[in-house]
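Read-outs: derived from the displayed coordinates by stated rules, not from any lab. This is a predicted model, so every value here is computed, not measured. Cβ sites come from the backbone with ideal geometry, for glycine too, and all protein chains shown count toward neighbours.
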Ligand SMILES: [Zn+2]
C-alpha cells in the first residue's frame, strides 16, 4: 500500500518574512525596522470590494535603505500574495523614506516638501552615513499638499497633512473602519518627540490638535516609534510640546538667556533631555520676532490688620 502523501508544508506555512509583523488592529500589521526601531505599517485591503479598484494593501513607510525596502517588499508579497497597491512616506527622514527606491512601479504618496528636502545638507549627510548614492533616494510618485483618499478595495483610507510639526511635511493615515490612525513621528511612545532642524515646534501642538480631533477614547494610534498609543497619550504629548513652547516664550519675554533657561524654567521632560528642545524653541521664537518685554514691578501689598 502506498504511503499516504503528506500535505505540502509550504501550503500551510507561508514563506518566512524578514521582519516580524503583528496585527495591531483588524487588517493592520505593524513591524519594527532596525536600526532606528521605526514602525512600518501594512493596511490590508477590505474583504468585499464594492468598487472596480484593484484591491491591494497599503504600506506606510519603507525603512532606512533600498536593501531594507526590498526585504519589506518581499514581506508584503509573502503576507498578501502581491506587491502593495500603494506606499505612503509619512515624512522626509531616512528611517521612513530611504527604502522607497525598492518600490518602483508602485504608486507612492508623500508631502510635496520632500522635493525641497532632497537638496538639503541634512539629507545629503544622512545618505553619506548610509553609503547610499543620490539615485538611492527617490521621491514619491504622487506628491500631495493636503489630503487624499485611497480605495484599497472595500476599505477606504485617508492620507492627510494637518500642518507642520515634527517636520514641515508630516502626513498621517487614517483607517476609519478600524478606528486607527498612523501618526508618523508626530507622536512617539518609545522616546520623546524628536526635535530636529526641520521641526516647527511652535506649530506642532496645533497640528496635534488636528490629530486628536479625529480620535475617540477607543482609537488606536500607531506612532512612528514605539508601542501603540491612545488619545490620552496623544493629549499628554501635545500638552508637553505646548509646555516647552510656552515656557520658552515666557522666559524670553522675561529676558532669561538661553543658557539660564534650563535651570530657570519648568520643563515637562528630564533636564538632561531638554537642551535641544530649549535651544530649538529659543531660536524659533526669536526668529519670529519675540523679544524681552519690559517687566512691571510686582508689588504685593500686605493687608493691614
Ligand atoms: Zn522623523
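Residue exposure proxy: 301, 284, 116, 158, ordered by other Cβ atoms within 10 angstrom of their Cβ from fewest to most, comes out as 301, 116, 158, 284.
Scaled against the 2.2 N^0.38 Å expected of a compact globular protein of N residues, the Cα radius of gyration of segment 11-229 reads 0.95. As a proxy for reagent exposure, 200, 95 were ordered by neighbouring Cβ count within 10 angstrom, fewest first; the result is 200, 95.
Exposure proxy ranking for 62, 259, 230, based on other Cβ atoms within 10 angstrom of each Cβ and starting from the fewest, stands as 259, 230, 62. I want to make sure I understand the PRE zone here: with the label point 7 angstrom from the Cα of residue 262 toward its beta carbon, which residues in segment 179-195 have backbone N atoms less than 20 Å away? Those under the cut-off are 192-195. Against the chain, whose longest principal axis is taken from its Cα atoms, helix 231-254 shows a tilt of about 30°. In this structure, residue 119 and residue 146 have a Cβ-Cβ separation that, at R0 = 35 Å, corresponds to a calculated FRET efficiency of about 0.90.
Each principal axis of the Cα atoms in segment 122-255 has its own extent, and those three values, largest first, are 56, 44, 27 angstrom. Each of residue 217 and residue 288 was given a label point 7 Å from its Cα along the Cα-to-Cβ line. The distance between the two points is 3.4 nm. DSSP assigns beta bridges within segment 11-229; of those with both partners inside it, close to 65 percent run antiparallel.
Kirkwood analysis of segment 232-291, using all unique Cα-Cα pairs, places the hydrodynamic radius at 11.6 Å. Here is how the number arises for the chain: DSSP H runs of 4 or more residues each give -39500 (n - 2.57), the sum is divided by the residue count, and the result at 222 nm is -8500 deg cm²/dmol. On the basis of the beta-carbon distance and an R0 of 25 Å, residue 156 and residue 236 show a calculated FRET efficiency of 0.25.
Distance between the C-alpha centres of segment 186-246 and segment 76-146: 23 Å, rounded to the whole angstrom. Computed extension gain for residue 295 through residue 253, at 0.36 nm per residue and net of the alpha carbon distance, reaches 14.3 nm.
Here the label points at residue 128 and residue 23, each 7 Å from Cα along the C-beta direction, are separated by 4.7 nm in the simple model.
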